[in-house]
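Q: I'd like to ask some things about the structure below.
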Amino acid sequence: MKIISDFHIHSRYSRACSKSITIPGIAKACEKKGIQWVATGDCLHPAWRQEIGEMLEQGEGALYLRDNLSPTAFCLSAEVSCIYKRGEKTRRLHHVILFPDLKSVDKTIGKLADRGVNLKSDGRPIMGLDSEELLKLLLDVDDKILMIPAHAWTPWFAIFGSKSGFDSLEECFGENSKYIYAIETGLSSDPPMNWRISALDRLFLVSNSDAHSLEKLGREANVFEMDRPSYQELRRILVEHDSSKFIETLEFFPEEGMYHVDGHADCKFWCEPEKTSKLGGRCPNCGKLLTVGVLSRVNDLADRPVNPPKPPNSPPFRSLVPLRELIADALSKGKTTKTVETELVSLLKKSSEFELLLNVDEKSLHEICKPEIVESIMRMRRKEVEIRPGYDGVYGEVHIRGANSLKPAQQNLL
């Protein structure tokens, strides 16, 4: 069966996250989305770890809510922030860690506590450990633990980030880079952008939501072929690079990500890499340095042209727009309006979000959706979209209907 999975989320114990996130709430939200397997997130945080132990129990291959309250499977996970000096440069990298069982979680908690890491302060703990040192520590705890560099291209906190990252996996992890089997592409890049770097061909490109609220679950996801959610099988697929079982990834349109192009949020200015060079890397309005986005950073490291062929054994992908955004765009209403909320609730009583976005045929959609919503879904599937790209922490805007729906970009006025 096809298993839609999201392996990077957060709990209410992480900063800037919804206080309404609970384990039962995650399970119920996944049922509505059509996600079969989801991360616990933040499992190194003492309070959340306690809730995991109280509410979840080990099943075959994954954890589930006690008393069979939901079919949603859980995978033990955490994101950590490594901030350290290497080569006279401060490195700031985030990593997703997936654990095979609670025993390995608890042993890791002990090891990190021994190193002086404060695990109580944030669900995504900050630590002064070098990424290579952290990987060695995890493998020493249990060699079945998986570490995945998170949102790999984000400027500020990523392995390839323009502000504090590295130029290669080997530069970051040394000889232990062979134990990195996947990277997370992040919202601001998609597989074709990553295919431009031949050194990444040996890795799988995974996509996760990095959700800070229940609403954002599954905004990016992975689809595996498995009999049931199974950590052991997931690890085998990644380690053996078994593309026959990694069906596809479900992606943001990368332009919608908040760091896709270069820009300066305070001045509401953005531009593509070619113009950044002409501007000397500075905002034409205030003279401050532009935040170099993902598109520029990929260009810097690429050894292949734009839109290269898909490398062998790389899964295909589909680009999606969240159902709430599609409804809002189709009805010309704000995303948080009562009209959009009512329509969304009504549709999710009839089918899950992923089923509606991906699989329900056009004729059947007309039986349950308003015509303008059907049109938006079909146009999205054909990638007929208009996008103002994201930059410097500002999300991009994606529109399906209406040729003049995007406001003029300041970039185009200069």
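The values are calculated or read from the model by the stated rules, or taken from the named source; none is laboratory data. Just so we're clear, the structure is a prediction, and the values are computed from it rather than from any experiment. Don't worry about glycine lacking a Cβ; one is built from the backbone with ideal geometry, like all the others, and counts go over all protein chains shown.
Q: Answer with yes or no whether E79 is at pLDDT 95 or above, surrounded by fewer than 23 Cβ atoms within 10 Å (Cβ to Cβ) and of a type outside the set (A, V, I, L, M, F, W, C).
A: The answer is no for E79.
Q: Starting from region 340-368, keep only residues that are touching a residue at least 40 places away in the same chain (Cβ under 8 Å), then list their pairs with residues that are part of a helix (DSSP H, G or I) and of a type in the set (K, R) whose Cβ atoms are within a distance under 7 Å, requiring at least 6 positions of separation or different chains.
A: From residues that are touching a residue at least 40 places away in the same chain (Cβ under 8 Å), the pairs are L348/K32; S352/K32; S352/K33; E353/K32; E353/K33; F354/K33.
Q: Here is a check on your reading of the model: is S131 touching a His at 6+ places or on another chain (Cβ under 8 Å) and among the polar types (S, T, N, Q)?
A: When the stated conditions are applied, S131 passes them.
Q: Moving on. I'm trying to understand the selection: among the residues of region 244-290, which are among the hydroxyl-bearing types (S, T, Y), in contact with a strand residue (DSSP E or B) (Cβ under 6 Å, 6 or more places away or on another chain) and farther than 23 Å from L320 by Cα?
A: If the condition is that a residue be among the hydroxyl-bearing types (S, T, Y), in contact with a strand residue (DSSP E or B) (Cβ under 6 Å, 6 or more places away or on another chain) and farther than 23 Å from L320 by Cα, then T276 is the only one that fits.
Q: Evaluate the following for D130: is it of a type in the set (D, E, K, R), out of contact with any strand residue (DSSP E or B) (no Cβ under 7 Å at 6 or more places or on another chain) and at pLDDT 95 or above?
A: no
Q: Filter region 304-352 for residues that are among the small types (G, A, S) and surrounded by 14 or more Cβ atoms within 10 Å (Cβ to Cβ); which is nearest to E255 (Cα to Cα)?
A: Among those that are among the small types (G, A, S) and surrounded by 14 or more Cβ atoms within 10 Å (Cβ to Cβ), it is S319.
Q: Another question, if that's okay. Checking S277 against (1) in a helix (DSSP H, G or I); (2) at pLDDT 95 or above, which single condition isn't satisfied?
A: Looking at each condition in turn, S277 falls short on (2).
Q: Can I ask one more? Scanning for something part of a strand (DSSP E or B), of a type in the set (G, A, S) and touching a residue at least 40 places away in the same chain (Cβ under 8 Å), does region 61-76 turn up at least one residue?
A: yes
Q: Additional query: Name the residues in region 277-303 that are surrounded by 14 or more Cβ atoms within 10 Å (Cβ to Cβ) and either assigned by TED's automatic domain parsing to the domain that holds E220 or within 24 Å of A199 (Cβ to Cβ) (or both), would you?
A: V292, G293, V294, L295, S296, R297, V298, N299, L301, A302
Q: Could you check region 144-246 for strands (runs of 3 or more DSSP E) lying wholly inside it with 1 or more residues that are of a type in the set (F, W, Y)?
A: 204-206, 221-225
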